[in-house]
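A.B. asks: Encoded as structure tokens, here's the structure I'll be asking about.
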Amino acid sequence: MVTTIGILILICLGLFTFQIRTTYSLISSFPTSMPSREGYAILSKHFEPGELAPVELLVPNQAAQSVTHALKDEPCVDTAYVVQTNGHTHLALVDVTLATDPYSNTAIADLAKVKDAAEKAVDSQRPGLQHGQVWISGPTATEADTAALTSRDTHVVVPVVIAIIALVLLLYLRSIVAALYLIATVILSYLGALGAGWLIIHYVLGSAAMQGAIPLYAFVFLVALGEDYNIFVVSRIWQTKGRLSHKESVAQAVASTSGVITSAGLILAGTFAVLASLPIQVLVQFGIVSAIGVLLDTFIVRPFIVPAITSLCGRFAYWPSRPSMAVEK
């Protein structure tokens, strides 16, 4: 019952992660009362959105006019014109004004269409030459690169972190079963923290999106911290497995570690909660998600879910190690 209720709580919170919308906009990370944010809001009322942060393209001189004509036919482009040509480098600078907010996710997606259209125009003017003679810059391009790198890092860092933690658990506990459910609980706790954090960030604080780096940062921190708490508890069970029965070992481990972990969890959660008082949204959001994750690990995963699963598994929690007879009682 304890295991079921605890896991259901985390699953219900984790389901809200499917609603999370992310942003890489630097402007949106500032509070609305900050002068730069206020200035941007005023400018937005008097100019088209794309004019505030135009996209800049470097293309070969002889293809510049062809590129501007091709881009003007794109629905996502408002204007495109040649700003400057350089006879020494044989390159032209083309300014492109997007039809949408240049800091939005829509603009990031449109950037690929802009580059594709420009490359096709260049290729049509310079057949037989190397493809990709288009370079793109500007705030939108910076955000697009940040989003791409964050996605790439997520696909690399997440499995690496899980693999390293699994290896440490296997070497220390010498149990495949324990390693599997300990990893599963911290991942579930992380998803619950992310979902609960989104509820507060979006529905309480009114933010339209979460900063794109938060899920990855929170994953690395919360999974490492949660596993640290889990190892602290489980190691106490393993230490008494030859002297006490399995259930007695679990009960004693929870009792002996509860004070230390609860105190540490409260202090750490309070420390991260302080970040919510800062003006920079990325720090506020990271602090909220991290504080919730620490509290979930401290008051749900460590004292209830992990001991309950360990107790239910019985002697199979040590597999493939062979527990002593005292543990099998």
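The values are calculated or read from the model by the stated rules, or taken from the named source; none is laboratory data. No experiment lies behind these values; they were computed from the predicted model shown. In this analysis, Cβ positions are derived from the backbone assuming ideal geometry, glycine residues included, and neighbour counts consider all displayed protein chains. When the accessible area is computed, the model is the full protein with side chains, heavy atoms only, and any ligands, DNA or RNA have been set aside. Shrake-Rupley method; radii C 1.70, N 1.55, O 1.52, S 1.80 Å.
A.B. asks: What ranking do 220-229, 261-270 get when scored by the average of other Cβ atoms within 10 Å per residue, highest first?
C.D. replies: Going by the mean number of other Cβ atoms within 10 Å, highest first, we get 220-229, 261-270.
A.B. asks: Specify the angular offset, from 0 to 90 degrees and rounded to the nearest 10, of the alpha carbon long axis of helix 35-46 from the longest principal axis of the alpha carbons in the chain.
C.D. replies: Roughly 40 degrees, rounded to the nearest 10.
A.B. asks: What are the ³J(HN,Hα) couplings of segment 243-252, residue after residue, when phi is run through the Karplus curve with 6.51, -1.76, 1.60 and θ = phi - 60°? Round to Hz, x for glycine and proline.
C.D. replies: Ordered by residue, 3J(HN,Hα) equals 10, 10, 5, 4, 5, 5, 5, 5, 4, 5 Hz.
A.B. asks: Here's something else I'd like to know. Kindly express, to the nearest 10 degrees and within the range 0 to 90, the angle between helix 139-173's C-alpha long axis and the longest C-alpha principal axis of the chain.
C.D. replies: The helix 139-173 is inclined about 20 degrees to the chain.
A.B. asks: Given the options S189, A141, I231, identify the residue whose Cα lies farthest towards the positive end of the charge dipole of the chain (+1 on Cβ of Lys, Arg; -1 on Cβ of Asp, Glu).
C.D. replies: I231
A.B. asks: For segment 22-71, what log10 I(q)/I(0) values come out of the Debye formula at q = 0.21, 0.23 1/Å, with one point per alpha carbon and no solvent?
C.D. replies: One equal scatterer on each Cα of segment 22-71 leads to -0.81, -0.88.
A.B. asks: When the helix-only estimate is applied to the chain (DSSP H runs of n ≥ 4, each -39,500 (n - 2.57), divided by the residue count), what is the mean residue ellipticity at 222 nm, nearest 500 deg cm²/dmol?
C.D. replies: So the helix-based figure for the chain works out to -20000 deg cm²/dmol.
A.B. asks: Debye calculation, C-alpha points only, no solvent: report log10 I(q)/I(0) for segment 211-278 at q = 0.12, 0.15 Å⁻¹, in the same order as the q values.
C.D. replies: Normalising to I(0) and taking log10 leaves -0.45, -0.62.
A.B. asks: Over segment 256-306, what percent of the accessible surface lies on carbon and sulfur atoms, probe 1.4 Å?
C.D. replies: C and S fraction of accessible area: 83 percent.
A.B. asks: Something else now. Tell me the carbon and sulfur percent of the accessible area for segment 3-142, rounded to whole percent, probe radius 1.4 Å.
C.D. replies: 58
A.B. asks: How far is it, in nm, from the label point at Y81 to the one at Q62 when both lie 7 Å from their Cα along the line to the Cβ?
C.D. replies: The modelled label-to-label distance comes out at 2.6 nm.
A.B. asks: Using just the Cα positions, wrap segment 73-229 in a convex hull and report its mean projected area in square nanometres, one decimal place. Kindly include the intermediate steps, with their values, before the conclusion.
C.D. replies: On the way: hull surface 57.7 nm².
Hull-based average projected area comes out at 14.4 nm².
A.B. asks: If you don't mind, there's one more thing I want to ask. Just to confirm, what accessible area per residue do you get for the chain at 1.4 Å probe, in whole Å²?
C.D. replies: On a per-residue basis, the chain sits at 50 Å².
A.B. asks: Here's a follow-up. Take peptides 156-168, 109-121 and line them up by average Cβ neighbours within 10 Å, highest first, as a rough protection proxy. Display every interim value, and only then the final one.
C.D. replies: Numbers: 156-168: 13.6, 109-121: 18.9.
Taking the mean over residues of other Cβ atoms within 10 Å, the ranking is 109-121, 156-168.
A.B. asks: Okay, next question. Computed FRET efficiency, Cβ-Cβ of L167 and E51, R0 45 Å: what is it to the nearest 0.05? Intermediate values should be presented prior to the final figure.
C.D. replies: On the way: r = 53 Å, r/R0 = 1.17.
It comes to 0.30.
A.B. asks: For segment 236-329, take N as its residue count and report Rg(C-alpha) divided by 2.2 N^0.38 Å. Working shown, then result.
C.D. replies: Details: Rg = 17.7 Å, N = 94, 2.2 N^0.38 = 12.4 Å.
Ratio of Cα Rg to 2.2 N^0.38 Å: 1.43.
A.B. asks: Please report the Cα spread of segment 65-161 along all three principal axes, rounded to whole Å, starting with the longest.
C.D. replies: 49, 31, 22
A.B. asks: Report D for segment 162-214 in µm² per second (integer): Stokes-Einstein, Kirkwood Rh on Cα pairs, 10 °C, 1.306 mPa s.
C.D. replies: 122
A.B. asks: Further question: Enumerate lysine pairs in the chain that are 8 or more residues apart or on different chains, then count those whose Cα atoms are under 20 Å apart.
C.D. replies: Working: K72/K113; K72/K115; K72/K120; K241/K329; K247/K329.
Going through the chain pair by pair, I get 5.
A.B. asks: Starting from the Cα gyration tensor of segment 111-199, take the square roots of the eigenvalues, sort them a ≥ b ≥ c, and report rounded, prolate or oblate (rounded when a/c is under 1.5, otherwise prolate if a/b is larger than b/c, else oblate).
C.D. replies: Prolate is the answer for segment 111-199, as a/c is 1.5 or above and a/b outweighs b/c.
A.B. asks: What order, most packed first, do the peptides 41-54, 288-301 have when packing is the mean number of other Cβ atoms within 10 Å of each residue?
C.D. replies: Working: 41-54: 14.3, 288-301: 24.6.
By packing density, highest mean first, the sequence is 288-301, 41-54.
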